[in-house]
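Presented below is the structure to which this report refers.
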Amino acid sequence: FIDSRFIDRIQISLRAQDLSRQAQTWGTALPVIRGTEFADHVLSLNDVRADPTSRMTLRVYSLDGTQPATVRVSVYGIKAVLGLDIVPDVLLGVREFPLRTVSTSDPSGDVLTIPGFLELSQLDFIAPAGGFDRLRIDVLPVSPGTRIWAFVSVTNNETQHVTIIAPSL
């Protein structure tokens with residue numbers, strides 16, 4: 001735990017790296033965000049690669065995992081833009097999911113705050129992405145007072161290189 005008086009002076013970084021392939025890649029940076037960056041509105045994850053050479057996992061967190069919360073996940077297909085014609089994203093499917101709630105305590109008996117959590121490694125049961133090579137995934141907290149953060153990891157099946165797609169703010 002960090003004394004709140006010094007929280008703005010702390011810099012945190014996080015990297016995912018496959019050590020068996022460290023000569024090929026340094027890995028990928030994962031966003032480490034502060035509580036103030038959690039949102040009570042839709043988060044859009046744009047330009048998510050959707051093809052059989054990669055696998056993707058959507059992760060959603062809420063600040064307070066002791067409170068029940070639900071998010072709505074909407075998946076849109078993106079068609080390539082040809083010439084000057086703009087092709088709108090196509091809604092492929094929508095589904096709501098409860099975030100996992102956890103309550104625990106440390107050895108002294110103090111209750112620990114643990115983020116609510118959702119992990120989806122297969123989006124096909126929400127919406128098959130056939131015919132689209134890119135997706136947009138929108139995540140919306142539907143429970144009142146819920147603030148979330150979300151990102152998608154896309155892992156190449158052959159190289160195991162990971163790309164992180166986080167929302168643009």
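The values are calculated or read from the model by the stated rules, or taken from the named source; none is laboratory data. What you are looking at is a predicted structure, and each value in this text was computed from that prediction instead of being measured. Counting neighbours? That spans all protein chains shown, and the Cβs are built from the backbone with ideal geometry, glycine included. Note: accessible area is taken over every heavy atom of the protein model, side chains too, but ligands, DNA and RNA are not part of it. Shrake-Rupley method; radii C 1.70, N 1.55, O 1.52, S 1.80 Å.
Of everything in the stretch 16-46, what is assigned to a strand (DSSP E or B) and under 21 Å from residue 158 (Cβ atoms)? Give them in sequence order.
Listed by number, the residues that qualify are 16, 28.
At pLDDT 90 or above and of a type in the set (Val, Ile, Thr) - does that describe any residue in the stretch 102-109?
No, the stretch 102-109 contains no residue that is at pLDDT 90 or above and of a type in the set (Val, Ile, Thr).
Quick one: which of 86, 78, 33, 10 is out of contact with any strand residue (DSSP E or B) (no Cβ under 7 Å at 6 or more places or on another chain) and at pLDDT 80 or above?
10
If I filter the stretch 7-52 down to residues being closer than 29 Å to residue 125 by Cα and open to solvent by 70 Å² or more (accessible area, probe 1.4 Å), which single residue comes out as farthest from the chain's Cα centre (by Cα)?
Checked the stretch 7-52; the qualifying residue farthest from the chain's Cα centre (by Cα) is 52.
Could you check the stretch 64-81 and list, in sequence order, the residues that are assigned to a loop (DSSP other than H, G, I, E, B) and farther than 19 Å from residue 96 by Cβ?
Scanning the stretch 64-81 gives 66, 79, 80, 81.
Applying the selection to the stretch 127-169, what residues are charged (D, E, K, R), modelled with pLDDT of 85 or more and either assigned to a strand (DSSP E or B) or more than 24 Å from residue 71 (Cα to Cα) (or both)?
134, 136, 138, 158
Going by the structure shown, is residue 44 out of contact with any Leu (no Cβ under 9 Å at 6 or more places or on another chain) and modelled with pLDDT of 90 or more?
Yes: the conditions hold for residue 44.
(1) among the hydroxyl-bearing types (Ser, Thr, Tyr); (2) more than 24 Å from residue 163 (Cα to Cα); (3) touching a Ser or Thr at 6+ places or on another chain (Cβ under 6 Å): which one isn't true of residue 57, the others all being true?
Of everything listed in (1) among the hydroxyl-bearing types (Ser, Thr, Tyr); (2) more than 24 Å from residue 163 (Cα to Cα); (3) touching a Ser or Thr at 6+ places or on another chain (Cβ under 6 Å), residue 57 misses just condition (2).
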